[in-house]
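Participant: Got a structure here, written out as structure tokens. Questions coming.
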Amino acid sequence: MILHLYFARRFIMGFILISAVLFSLLVLVDMVDQARRFSSYDVGWLRLFGMTLLNTPETMNLILPLIMILATVVLFLSLARSSELVVTRAAGRSALSALQAPIWVAFIIGVMAVGMLNPIVAATAKRYIQLSDSIRAGGTSVLSVSDEGLWLRQGSDEGQTVIRAWRSNKDASVLYDVTFLSYAPEGGPARRIEADSAALEDGIWTLTDAKSWPLEVGVNAEGAAETFDTLTLPSTLTLDRIRDSITDPGAVSIYDLPDYIKQLELAGFSPRRHKVWLQTELARPFFLVAMVLVASAFTMRHTRFGGTGVAVLASVLMGFGLYFIRSFAQILGENGQIPVLLAAWAPPVASILLALGLLLHSEDG
């Protein structure tokens, strides 16, 4: 137990050190990128730094497998240089026994990443998107999905418009049972429109079977109401903007994701991407364990054998290869080419089995 605690402490220290170094580098790089991205807007350095801090957690969440590989490499290279691995084997401890502590630490970090880091990343990513939209377009479009249907907001110099629809078609190009509530630039309501459907194409809403009520002071709204077989309204929204807002699972906390998936189904959207993301997040602890096994398979060797640099490079390349396969399987799952559970769970399980095979081959021949 003392030996396992010792290995666990060394592994945690390496993980924290590498995370701190990479976080600092990401902040510097992203700060420059934010300054370039918003160079044409009047944005101060303090606000850019705040947006950088909001955007960096998402990147850290993405490179967590790389951090796990580097922490494992640092651990076993330091143990090999100090001959502690030789002493461990001489004491009768096998390679798999020495890996128990790093594996459990990696699994716990994975669970914490899913339960704690994921909600933080979701909140910061959502806030970053809102700030970016407000800088670029003055906060002209916002989308949310709830039990009451889906809500949109578009805006222009003529004022804001809130749009509510009970459901839509699969690609979000047509809204059904829709209500448009327009506000004047001063902030007061100006007009209400209800329609059976609204189709968005080339910046134009085309409403069918619409009825419009003026909401001006001193005007009888029902008496002045007008009906239209077809009514067109200008829009600052685009289909890509709506789809990106709807289909971004990273901006939804894992605790809210099951309910959000149900709301998407009720609204008429396909929640397959969100289902794959949910299962992938649940499988993340096992994928991080696979990264530890992969790195240890190449670095649990004495330094006198040489080839340390090649072993480190091989472990990093193997980790990148498994990460690519995981991402490729996730894309196939999102496109419906393979089942959701297979897309999310097959890469971590296959990675663990592959790493165990490499480890056993290197240790026992």
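Participant: When you take every Cα atom in the chain, what is the radius of gyration, and what is Dmax, the widest Cα pair distance, in Å?
Facilitator: When restricted to the Cα atoms of the chain, Rg and Dmax are 26.7, 94 Å.
Participant: Moving to a separate point now. Taking the alpha-carbon centroid of each part, what is the distance from segment 32-91 to segment 215-289 in angstrom?
Facilitator: After rounding, the separation between the Cα centres reads 33 Å.
Participant: Restricting to DSSP H runs of at least four residues, report the calculated mean residue ellipticity at 222 nm for the chain, -39500 (n - 2.57) per run over all residues, nearest 500 deg cm²/dmol.
Facilitator: -19500 deg cm²/dmol
Participant: Could you give the C-alpha radius of gyration of segment 32-73 expressed as a fraction of 2.2 N^0.38 Å, taking N as the number of residues it contains?
Facilitator: 1.56
Participant: How long are the three semi-axes of the equivalent ellipsoid of segment 158-314, in whole Å, if each is the root of 5 times an eigenvalue of the C-alpha gyration tensor, listed from largest down?
Facilitator: 54, 16, 14
Participant: Further question on the same structure: Dividing the alpha-carbon radius of gyration of segment 4-103 by 2.2 N^0.38 Å (N being the number of residues), what value is obtained?
Facilitator: Numbers: Rg = 19.4 Å, N = 100, 2.2 N^0.38 = 12.7 Å.
Its radius of gyration relative to the 2.2 N^0.38 Å reference: 1.53.
Participant: Let me ask something else. So, with a 1.4 angstrom probe, what is the percent of accessible area on segment 274-365 that is carbon and sulfur? Walk me through the numbers before you get to the answer.
Facilitator: Values: 3120 of 4300 Å².
The computed percentage sits at 73.
Participant: Nearest 0.05, what FRET efficiency do residue 177 and residue 232 give at R0 = 30 Å with Cβ-Cβ as r?
Facilitator: Working from the Cβ atoms, E equals 0.95.
Participant: If you build the convex hull over the alpha carbons only and average its shadow over all orientations, what do you get for segment 271-347? Give it in nm² to one decimal.
Facilitator: 5.0 nm²
Participant: In the chain, if the dipole is taken from +1 on Lys/Arg beta carbons and -1 on Asp/Glu beta carbons about the Cα centre, which of 106, 335, 52 is farthest to the positive end?
Facilitator: Comparing the listed Cα positions along the dipole, 106 ranks first.
Participant: Still on this model: Toward the positive end of the charge dipole of the chain, about the Cα centre and with charges on Cβ (Lys, Arg +1; Asp, Glu -1), which of 2, 31, 187 goes farthest?
Facilitator: Of the candidates, 2 comes out farthest on the positive side.
Participant: Still on this structure, I have one more. Going from most exposed to least, what order do 126, 275 have by accessible area with a 1.4 Å probe?
Facilitator: On the way: 126 110, 275 80 Å².
Listed by decreasing accessible area, they come as 126, 275.
Participant: Check the chain and count each lysine pair with an alpha-carbon distance under 24 angstrom, considering only pairs eight or more places apart or from different chains.
Facilitator: 6
Participant: Can you work out the Karplus-derived ³J(HN,Hα) for every residue in segment 190-198? Use 6.51 cos²θ - 1.76 cosθ + 1.60 with θ = phi - 60°, whole Hz, and x for glycine or proline.
Facilitator: Values, residue by residue: 10, 7, 10, 10, 10, 8, 5, 8, 9 Hz.
Participant: Figure the gain on full extension for residue 3 and residue 126 (residue separation times 0.36 nm, minus the Cα-Cα span) and round it to one decimal in nm.
Facilitator: 40.0 nm
Participant: For residue 111 and residue 332, FRET efficiency with R0 = 22 Å and r from the beta-carbon atoms, rounded to 0.05?
Facilitator: Computed FRET efficiency for residue 332 and residue 111: 0.25.
Participant: Given a 1.4 Å probe, how much area per residue of the chain is accessible, in Å²?
Facilitator: For the chain, the per-residue accessible area is 51 Å².
Participant: Given a Förster distance of 41 Å, report the FRET efficiency between residue 325 and residue 196 from their Cβ-Cβ distance, rounded to the nearest 0.05.
Facilitator: 0.30
The values are calculated or read from the model by the stated rules, or taken from the named source; none is laboratory data. Remember, predicted model here, so these are calculated numbers, not experimental data. We place every Cβ from the backbone using ideal geometry, glycine too, and count neighbours over all the protein chains shown. For the accessible areas, the whole protein counts, side chains as well, though only heavy atoms, and no ligand, DNA or RNA atoms are used. Shrake-Rupley method; radii C 1.70, N 1.55, O 1.52, S 1.80 Å.
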